[in-house]
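The values are calculated or read from the model by the stated rules, or taken from the named source; none is laboratory data. Nothing here was measured: the structure is a model prediction, and the numbers come from that model. Reconstructed Cβ throughout: ideal geometry from the backbone, glycine too, with neighbour counts over all protein chains shown.
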There are 2 protein chains.
Amino acid sequence: MSINYSNLDNSKSFKGLVDAPVPSIKKELNPERIGKYSTPAGAGLTYNFAGKKVNSEILGLLQNLADEQQLTEKYTSLLNGDIVNTGEKRMVLHHHCRGMKINDLVVDGQDMTEFYNTEKKKIYDFASKVHGKEIVGSTGKPFNTVVQVGIGGSDLGPRAIYLALKNAVTPKMTAKFISNVDPDDANNTLADLDFETTLFVLVSKSGTTQETLTNQKFVLEKMAQSSIKGLNPLKHFVCVTSAQSPLAADTNYLASFFIDNNIGGRFSSTSAVGGCVLTLALGSDAFDRFLEGAKEADKQALNPNIYENAALLDALIGVYENNILGMKNTAVIPYSESMSRFPAHLQQLDMESNGKSVNRDGKAISYATGPSIFGEPGTNSQHSFFQFIHQATSIIPLQFIGFRKPQIDADIEFQGSTSGKKLNANLVAQMTAMGLGKDDDNKNKYFAGERPTSLLHADKLTPEIMGAILAHFENKVMFQGFTWNINSFDQEGVQLGKLLADKVLNNQMDDILKAYAGIMI
Amino acid sequence: MSINYSNLDNSKSFKGLVDAPVPSIKKELNPERIGKYSTPAGAGLTYNFAGKKVNSEILGLLQNLADEQQLTEKYTSLLNGDIVNTGEKRMVLHHHCRGMKINDLVVDGQDMTEFYNTEKKKIYDFASKVHGKEIVGSTGKPFNTVVQVGIGGSDLGPRAIYLALKNAVTPKMTAKFISNVDPDDANNTLADLDFETTLFVLVSKSGTTQETLTNQKFVLEKMAQSSIKGLNPLKHFVCVTSAQSPLAADTNYLASFFIDNNIGGRFSSTSAVGGCVLTLALGSDAFDRFLEGAKEADKQALNPNIYENAALLDALIGVYENNILGMKNTAVIPYSESMSRFPAHLQQLDMESNGKSVNRDGKAISYATGPSIFGEPGTNSQHSFFQFIHQATSIIPLQFIGFRKPQIDADIEFQGSTSGKKLNANLVAQMTAMGLGKDDDNKNKYFAGERPTSLLHADKLTPEIMGAILAHFENKVMFQGFTWNINSFDQEGVQLGKLLADKVLNNQMDDILKAYAGIMI
């Protein structure tokens, strides 16, 4: 089938959506719908959309939109190695890191699944030697701590996943992260470390990331200043980079693991970028299970039927909320403290991918693209910004994530219920309250309702489920980009700041940079 | 002078703002303006607004709006104990916690400054005995760790401030926090603790907060299960609550410290709610300095001239962006890793205060109120969602916070500059890039600019400066509420969820709650 790329506002079903009456959650929500409006997301993860402002008419139009914009066909094309990153003229291969493919993909004579598998096996082999104390620190002590030195996609995803899974398995090592070029970040992290037992993972695809190279130097210098006898800083560093980067040629690293330019930073959690630190910290079994869950979600995302493809449906409902209902934000609320940093990862994943104003051919578009994303865990967020969600003048759809069971099996009962039950009673209450609201003659105590909610849910936050959740959002963002006809895989918007920062550092400032620098430097 | 409360859209200057031409940052920005558009925020903190979409005409209208809406007069009225929390019929007295007042305020025969001072002195006395090992744990060991058990305002503010200041002074104790009712939160925090040397601070104004009481029980039960000989859990708990709460009468606590109902949770960081944990962790000197900075900012906020009152000007420019320019979000970006959790505190402070749809008299209003707030530290955010800020279809104003020097004096030089210089070079670059953009024939590399930015800056993040920053935002939010004629001090929007959660836990569910509970419980 031939694939046509076309702007959203050219599509017939989009016009249909503009004209269709907007459903009322209050009128639509009932127990039967809660059972029925439920879609598999892969690996036991389920997407419930009963709380969304949709009905069968809107869903029919969204299915038409998916068909018209050939969303699953474009996903297949991406999997097959077509150049969907049109800006940088690259393939988009993060799915292949977890073994997802339709056909074998050979690039420059290299089977890509084999390439990613080889790097993964190198990591597993290295990690097993570290765990088995075969590879030890320069003073002979076993490593018990791994510190990822990276920023953006080399930090947010791996950090969020580590926090999400460190209670799901028995960790092999403690993981820490240094990302910011602010020296207080590195100094703080280093203050709590025992250099002798710490292994650093330097992660930079390009090998030129200012913050990451600076922080590598920071660590090396602090280790060199240490009075520990026999400490050899270079024997405490491994590297994850691309084969073309200047770092790849550096033989000083204890080991080097490679990714390629077809993996974008924000999509790199299932590549060596996430793989190295997560395998060292959580073990290869956990990382395998994580990849398996992601792959299951990837498979589910192939289904052209929106009722059987949660990522596709979630994407389309998001487009409806954004482009028809004018809701420009989405709040992601995991009812799980372990997922506390996952919204920060999604913030990058979604906003860096779809915060664009030109289509994939570089032409300006005239409709809204990606929403802005934020979130904090429930129930904490209930005591923070939920006042706004319930009663403010603008409406922010909520993407809830919940699990029937806590990760740690050590709950207590108090006033007739466990903490876990209280947590989920709150989630259930919020889903109901947001949609239905509450009448009150006192307008200060009146809740209009009609706040859209959805729920991604599973029995427990396991490595498989974390993988499925991650891939669900990666695929949602991809489908939304296809719907808007934008390139979700480049980030030209970050270049100007880098350029000007270099001008400041190289003393090539114009008058305005100079005036601002006068305040801050 | 008599005070009139009136909706924003009744004001003449608001109509003037609607009609005034919108200035262009590209046209307005020049070195002279960067020097001139700078306003004191108190205690050495400065607000620079050269990057905002304003000019002398707009600023003149904003001054008129401030005068017409009597913003500083309303602040004075609040300080004097008028019932500005109209919904709950309460005074708003958080300024008095730091000694800010115009006249002595006596409530029920009690001088309120004296009340807050007395509680503060009780805390200082207690903390000094803990630090001096006069008060020790039940097994005789000195306390070295303090754990705040609280949620919302009892968690976000104190946590953010502790993280911001633990490198600014020599800490007396390590602070940790348990907030979420998710049992994984408490289990995780407790796993790293030594019960013998840990002091818990239970914080709940009402004494009925579900999460906090549950977590208290959680801790008590885990301590009771411990095999440590002689451990008496009750000898490890102090309490911060209101004198009317059921907890106030409980004599089992090692000590109790009081607040009153005129202090809102999100405004309570300078009361005993923040005072207890921060004094234990950082010492009374640091807390005194923090209060002093807040008081300085409070004083600055009395000035009716917008050019000499940063909180007032920041508030008014925010209203202009929101209600005239249609920008519904604000991103807060501290270029300081120590301030990593401050945006989460502001999210509550701002969104819970001004996420309202009715005016202070409970009548529906027809204009936008509070923006939605999110943020992460720079430079990390540059590698995350800044793509969106530079190039997306919707514009999000940026509130930068920066310091000339890092907190920890242990920087390194690499490639000709320190990490601290690199950090601020990036901040300077972003302020310039956001406003000016960059032309490019390739539309994918084109930056439209015209993204509003402001900068709160100081020499270093000290306790005084942290106090001033906190008070700046508290006062900004207050001034915006006055401008919109809403009550920024209640939160009726959080009640419905509590009610429905109780129904779930007491098995009084209707069919919809039951259907959702079937999925999650």
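Would you mind stating whether A:PHE258 is aromatic (Phe, Trp, Tyr) and assigned to a helix (DSSP H, G or I)? Spelling it out, it is not the case that A:PHE258 is aromatic (Phe, Trp, Tyr) and assigned to a helix (DSSP H, G or I). Out of the residues in the stretch B:372-404 that are assigned to a loop (DSSP other than H, G, I, E, B) and under 10 Å from B:ALA331 (Cβ atoms), which is farthest from the other protein chains (Cβ to nearest Cβ)? Filtering the stretch B:372-404 for residues that are assigned to a loop (DSSP other than H, G, I, E, B) and under 10 Å from B:ALA331 (Cβ atoms), the one farthest from the other protein chains (Cβ to nearest Cβ) comes out as B:PRO397. Inspect all residues belonging to the stretch B:190-200 and state whether any of them is hydrophobic (A, V, I, L, M, F, W, C), assigned to a helix (DSSP H, G or I) and more than 14 Å from chain A (Cβ to nearest Cβ). The answer is yes; a qualifying residue exists. Looking across the stretch A:58-99, the residues that are touching a residue at least 40 places away in the same chain (Cβ under 8 Å) and over 28 Å from A:SER13 (Cβ atoms) come down to A:GLU88, A:ARG90, A:MET91, A:LEU93, A:HIS94, A:CYS97, A:ARG98, A:GLY99. Taken together, the residues in the stretch A:320-360 that are crowded, with 24+ Cβ neighbours inside 10 Å and among the hydrophobic types (A, V, I, L, M, F, W, C) amount to 9. Selection of first residues in the stretch A:487-509 that are more than 12 Å from B:ALA433 (Cβ to Cβ) and at the interface with chain B (Cβ under 7 Å from one of its Cβ atoms) and of second residues that are of a type in the set (A, V, I, L, M) and assigned to a helix (DSSP H, G or I), restricted to Cβ pairs under 7 Å at least 6 apart or on distinct chains, gives the following pairs, ordered by first then second residue: A:LEU505/B:ALA425. Is there a residue in the stretch B:83-101 that is at pLDDT 95 or above, surrounded by fewer than 20 Cβ atoms within 10 Å (Cβ to Cβ) and among the aliphatic types (A, V, I, L, M)? Among the residues of the stretch B:83-101, at least one is at pLDDT 95 or above, surrounded by fewer than 20 Cβ atoms within 10 Å (Cβ to Cβ) and among the aliphatic types (A, V, I, L, M), which makes the answer yes. Tally time: how many residues in the stretch A:447-465 are within 14 Å of chain B (Cβ to nearest Cβ) and not in a loop (DSSP other than H, G, I, E, B)? The number of residues fulfilling the criteria is 7. For the stretch A:303-314, the condition of being crowded, with 24+ Cβ neighbours inside 10 Å and either among the aromatic types (Phe, Trp, Tyr) or at pLDDT below 95 (or both) holds for none of the residues. Scan the stretch B:423-437 and give yes if some residue there is more than 7 Å from chain A (Cβ to nearest Cβ), crowded, with 23+ Cβ neighbours inside 10 Å and assigned to a loop (DSSP other than H, G, I, E, B), otherwise no. No: zero hits.
Right, A:ALA164: surrounded by fewer than 17 Cβ atoms within 10 Å (Cβ to Cβ), within 12 Å of chain B (Cβ to nearest Cβ), of a type in the set (A, V, I, L, M, F, W, C) and not in a loop (DSSP other than H, G, I, E, B) or not? For A:ALA164, the condition - surrounded by fewer than 17 Cβ atoms within 10 Å (Cβ to Cβ), within 12 Å of chain B (Cβ to nearest Cβ), of a type in the set (A, V, I, L, M, F, W, C) and not in a loop (DSSP other than H, G, I, E, B) - is not met.
Here are A:ASP285, A:ASP298: which of them is of a type in the set (D, E, K, R), at pLDDT 95 or above and crowded, with 24+ Cβ neighbours inside 10 Å?
Values: A:ASP285 fails: crowded, with 24+ Cβ neighbours inside 10 Å.
Selected residue: A:ASP298, the only one of A:ASP285, A:ASP298 that is of a type in the set (D, E, K, R), at pLDDT 95 or above and crowded, with 24+ Cβ neighbours inside 10 Å.
Just checking, how many residues over the stretch A:1-42 are assigned to a loop (DSSP other than H, G, I, E, B) and touching a Lys or Arg at 6+ places or on another chain (Cβ under 8 Å)? Give the steps one after another, and end with the answer.
We begin by selecting, within the stretch A:1-42, every residue assigned to a loop (DSSP other than H, G, I, E, B); these are A:1-7, A:11, A:20-24, A:29-30, A:37.
Then drop every residue that is not touching a Lys or Arg at 6+ places or on another chain (Cβ under 8 Å), which leaves A:3, A:5, A:22-24, A:37.
Going through the stretch A:1-42 one residue at a time, the tally reaches 6.
Identify all residues within the stretch A:43-81 that are within 18 Å of A:LYS295 (Cα to Cα) and assigned to a loop (DSSP other than H, G, I, E, B); write none if there are none. A:ALA43, A:GLY44, A:ASN80, A:GLY81 - these are the residues of the stretch A:43-81 that are within 18 Å of A:LYS295 (Cα to Cα) and assigned to a loop (DSSP other than H, G, I, E, B).
Just a yes or no: is a residue in the stretch A:126-134 among the polar types (S, T, N, Q), touching a residue at least 24 places away in the same chain (Cβ under 8 Å) and crowded, with 22+ Cβ neighbours inside 10 Å?
As a first pass, look at the stretch A:126-134 and keep what is among the polar types (S, T, N, Q): A:128.
Next cut, touching a residue at least 24 places away in the same chain (Cβ under 8 Å) only: A:128.
Next cut, crowded, with 22+ Cβ neighbours inside 10 Å only: none.
Looking through the stretch A:126-134, none of the residues is among the polar types (S, T, N, Q), touching a residue at least 24 places away in the same chain (Cβ under 8 Å) and crowded, with 22+ Cβ neighbours inside 10 Å.
For the stretch A:103-120, the criterion of being in the same structural domain as A:ILE324 (by TED's automatic domain parsing) and either among the acidic types (Asp, Glu) or in contact with a His (Cβ under 8 Å, 6 or more places away or on another chain) (or both) is met by no residue.
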